[in-house]
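Since the structure comes first, as structure tokens, the remarks are kept for the end.
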Amino acid sequence: MKESTLFLIAFINYILSAFYYLFFIFSKKLKLAKTGFGAAFVGLVVHTSALLLRTFKSGHAPFTNMYESLSFLSWASVLAYIIIDRRFKIPKVGAYLMLIVIALMALASSPLMPKEVAPLVPALQSYWLWLHVSVTLAGEAFFAIAFITSILYLIAESRERKGQASKSESNAEKWDSVSYRCVSIGFPIFTLGGLIFGMVWAHKAWGSYWSWDPKEVWSLITWFVFALYLHTRVVMSWRGRRSAIIAIIGFLAALFTYFGVNYLLKGFHSYV
Amino acid sequence: MKSFLKFFSSVKLAIVLFLIIAIASILGTLIPQQRSLEEYEVRYGQLANLLVRLQLTKLYHSLWYLMLLFLFTLNIIICTLTRLSPKLQRVFMPRLEKEKKNILALKIKDSFKNNADLATTRDEISQLLISRHYRLQRKENEKKYFLLARKKILGWFGSDVIHLGLLVILAGGITSGIGGFRENLSFYEGQTLPVPQAKFQVRLDKFETELYPNESVKDWKSTLSVIKDGQSLFSKTIEVNHPLSYQGFSFYQSGYGLNWENPMLEIWVKKKSDASYLKKVQLMVGEKISFGDKELTQISVARFVPDFVIGEEGVVETRSLEPKNPAALVEAWKNKEKIFSGWIFYYYKDFARLHSGKESDLSFELKNFIFSEFSVIEVARDPGVNLIWLGSTILMIGLFLAFYWPAREFKVILEESQGKTEVIAGGMTLKNKEAFQSEFEKIIEHIKRKK
């Protein structure tokens, strides 16, 4: 089977999964959420084989251009969701996450993204490409889930405040705690992949571990935002609303590091 | 002094600094850094001077940004130290809690009466905690028993280890900034250049550019020899991502260049009146070659450009250093009379731009140009880099301790009265309270069930 076919099958599974999850939210039937999870899982398996196939065909890591890295980020987000859902049982997050994943996959399959396998420029020919990009995106996938649970928190909290839901119904506390858990998983991974592995590779390829390149600066900013999240939470006992807003800003900063820097700012990181 | 310490030990300062540094850094990604004043004037007009004066154009190396980083460093140091000594005392010289009310003030706690005597209850709890890898400290007096059980105590120091890692990284950055240097050197094959600040030289033995089938660059490879006192010590082929390191100096393949200083040009001379007439000459710019022909006694090339373009003021320039439109300015003489002066183009044979001279029977073609490639190699010495790796390792250990090595602590007081034992237990942890809560409840349930 061709890679593009596998990609399409995975995409369709994600769409199905999103539908089931959305029906679950409206009908509250847990069975629908389970089917949604199943579809997401099947999608992930097919997507994995698409990525493997591309890796074998191109001979390099499947994240060297925008199409590849969008596809990989979708894959990592679904994987992170499946891991977190096993532990915390958060089917509601599934609906929103699958919508984000569908948007990423749609963007990846748009005709604007060149899909052919291109040979690697000299600077990317390194095993650090694997380590740096995959670990960073894995960290960002957890930030994405924290982003969704933070939004869910804000919605739940405002319903609670308006008296539309009781404390036990709104689940606000749960969203707050899941956000925190996701940040505490994502933060060390992001630090390792984005900042430390990035420095090691920059040192090997460019001769300088830190060049104040816009992408470097923006990942530092992302790191600072999540450091702020953790300090306000652990030392100053901020919870709820304020924490949720910082986590949302943090994910947006990560997103800008990933997309915005490439399209809006110029620098060394002009590969993806 | 006291207020100074108080100011720098506050987490609020850290939060304010997080925000200021983040916002300042964003500014630096919006304003292009380290460009020429002219470029800023084109971009920002009258604001350009202000930007330069505020050092916003070299923001990350500006005094005020370094000042912010300095405050941040001070903040980390003082914040960590002021919290460290009570923590050290707490972790390494723990006190057994003897007041019931202090245990009952903890968030995770329970108290109940157990239908067993003190010794039985004590042994049960101890064994349970030991099997869960807790380390125990205990004290017994008369009818009371005090217990402190802890595990993963290093988790207490997660944040301190993270801060230490950050300080080492910052120290590495300072060391790099003060003691480091980097410079691009251009080597031709066979050329030996002295390495700045070093006692040895480097020779480029071989340079090659590898291409993919579609002509894009696959890799540049330079074979370098380290030369000391006129002797070659060793050679290594470097490429992008695979530098050479020797005595604290590193050599990186950073690119290549084409040398247009003195290309060898091949020019063909033809005559319109005689189709069989063909003369080939090879010459360099500035060289005058004598020609054994009545009509044409001498030929020379006055200029050569790899990428011909007529600039703003009507002057011929080269648009790039790539051979996209190579052109030569050829001059030809018949004895003392200049009979031809004009540009001829490699890609456009028939398009001879005549500068002067009459209609001529002769035509000139630029047939070939041979130029040399040079390898651009970055030489760098970075004495801070090992500190960076050390700091990064410490940082990751700290993150691991802080997030995945949660310290847990049980405090228990047992008191026997009339054959029964009153159990007062409390616990605390730094991270993942839910998991600890369930462990706590499991242990308490276990004791309650064993009646």
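Since every read-out is calculated from the coordinates, none of them should be taken as a lab result. These numbers come from a predicted model, not from an experiment. Virtual Cβ from ideal backbone geometry, glycine too; neighbours counted across all protein chains shown.
Starting from the Cα gyration tensor of segment B:175-243, take the square roots of the eigenvalues, sort them a ≥ b ≥ c, and report rounded, prolate or oblate (rounded when a/c is under 1.5, otherwise prolate if a/b is larger than b/c, else oblate).
Oblate, since a/c reaches 1.5 and b/c is not below a/b.
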#### Entry: Global geometry of chain A, whether rounded, prolate or oblate, following the gyration tensor of its Cα atoms and the 1.5 cut on a/c
oblate
### Query
Using the alpha-carbon atoms, what tilt in degrees (0 to 90, nearest 10) does helix B:63-92 show relative to the longest principal axis of chain B?
30
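Output the peptides B:266-276, B:376-386 sorted from most to least packed, where packing is the average of other Cβ atoms within 10 Å over each peptide's residues.
Numbers: B:266-276: 13.5, B:376-386: 19.5.
Put in order of decreasing packing, that is B:376-386, B:266-276.
Shape call for the protein assembly as shown from the C-alpha gyration tensor, a ≥ b ≥ c root eigenvalues: rounded (a/c under 1.5), prolate (a/b greater than b/c) or oblate?
Numbers: a/c = 2.93, a/b = 2.20, b/c = 1.33.
Since a/c reaches 1.5 and a/b is larger than b/c, the shape of the protein assembly as shown is classed as prolate.
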### Cubic angstrom per residue, convex hull over Cα atoms of segment B:235-346
200
### Summary
Checked against a 26 Å limit on the C-alpha separation, the offending pairs among B:Lys6/B:Lys87; A:Lys174/B:Lys431; B:Lys280/B:Lys336; A:Lys89/B:Lys152; B:Lys109/B:Lys144; A:Lys31/A:Lys162 are A:Lys89/B:Lys152; A:Lys31/A:Lys162
### Query
For A:178-190, what's the mean count of beta carbons from other chains sitting within 10 Å of each residue's beta carbon?
2
### Query
Given Cα pairs under 8 Å that are at least 6 residues apart, what percent is the relative contact order of segment A:115-272?
28
### Message
Rounding to the nearest 10 and keeping the result within 0 to 90°, find how far the Cα-based axis of helix B:385-404 lies from the longest principal axis of chain B.
### Response
40
### Task
Please give the helix B:433-449 orientation as an angle from the longest Cα principal axis of chain B, in degrees from 0 to 90, rounded to the nearest 10.
30
#### Entry: Sites A:Leu255 and B:Met93 - FRET efficiency at Förster radius 60 Å, r taken between beta-carbons, to 0.05
0.80
### Task
Kindly rank B:14-25, B:321-332 from highest to lowest mean number of other beta carbons found within 10 Å of each residue.
B:321-332, B:14-25
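Restricting to Cα pairs below 8 Å that are 6+ residues apart, what does the relative contact order work out to for segment A:1-134? Please round to a whole percent.
29
Where in chain A are the DSSP H helices whose C-alpha atoms run 15 Å or more along the long axis and whose mean Kyte hydropathy is at least 0.0?
Span-like helices, by this rule, are A:3-27, A:30-58, A:66-88, A:91-109, A:128-161, A:172-190, A:214-234, A:240-255.
Evaluate peptide A:199-207: per residue, the Cβ atoms of other protein chains within 10 Å of its Cβ; return the mean as an integer.
Values: counts 6, 4, 1, 0, 8, 6, 7, 8, 13.
Counting Cβ atoms of other protein chains within 10 Å of each residue's Cβ and averaging gives 6.
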### Query
Averaged over peptide B:56-65, how many Cβ atoms belonging to another chain are found within 10 Å of each residue's Cβ?
1
### Summary
Taking placed amide H atoms and a strict 5 Å upper bound, the residues 5 or more places from B:Ile108 or on another chain that come that close are B:Gly427
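How high is the relative contact order of segment B:295-445, in percent, with contacts defined as C-alpha pairs under 8 Å that are six or more residues apart? Intermediate results must be reported in sequence, preceding the final value.
Working: 190 pairs, mean separation 18.1, N = 151.
After rounding, I find 12 percent.
Applying a 10 Å radius around every beta-carbon, put A:22-35, B:239-252 in order of their mean neighbour count, most first.
So the peptides A:22-35, B:239-252, ranked by packing, come out B:239-252, A:22-35.
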## Note on the structure
Summing -39500 (n - 2.57) over every DSSP H run of at least 4 in chain B, dividing by its residue total and rounding to the nearest 500, the 222 nm mean residue ellipticity is -11000 deg cm²/dmol
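Given A:Lys34/A:Lys57; B:Lys206/B:Lys279; A:Lys204/B:Lys324; B:Lys272/B:Lys349; B:Lys101/B:Lys139; B:Lys279/B:Lys334, which pairs have Cα atoms separated by over 25 Å?
Details: A:Lys34/A:Lys57 35 Å; B:Lys206/B:Lys279 35 Å; A:Lys204/B:Lys324 32 Å; B:Lys272/B:Lys349 14 Å; B:Lys101/B:Lys139 18 Å; B:Lys279/B:Lys334 16 Å.
Where the Cα-Cα span goes over 25 Å, the pairs concerned are A:Lys34/A:Lys57; B:Lys206/B:Lys279; A:Lys204/B:Lys324.
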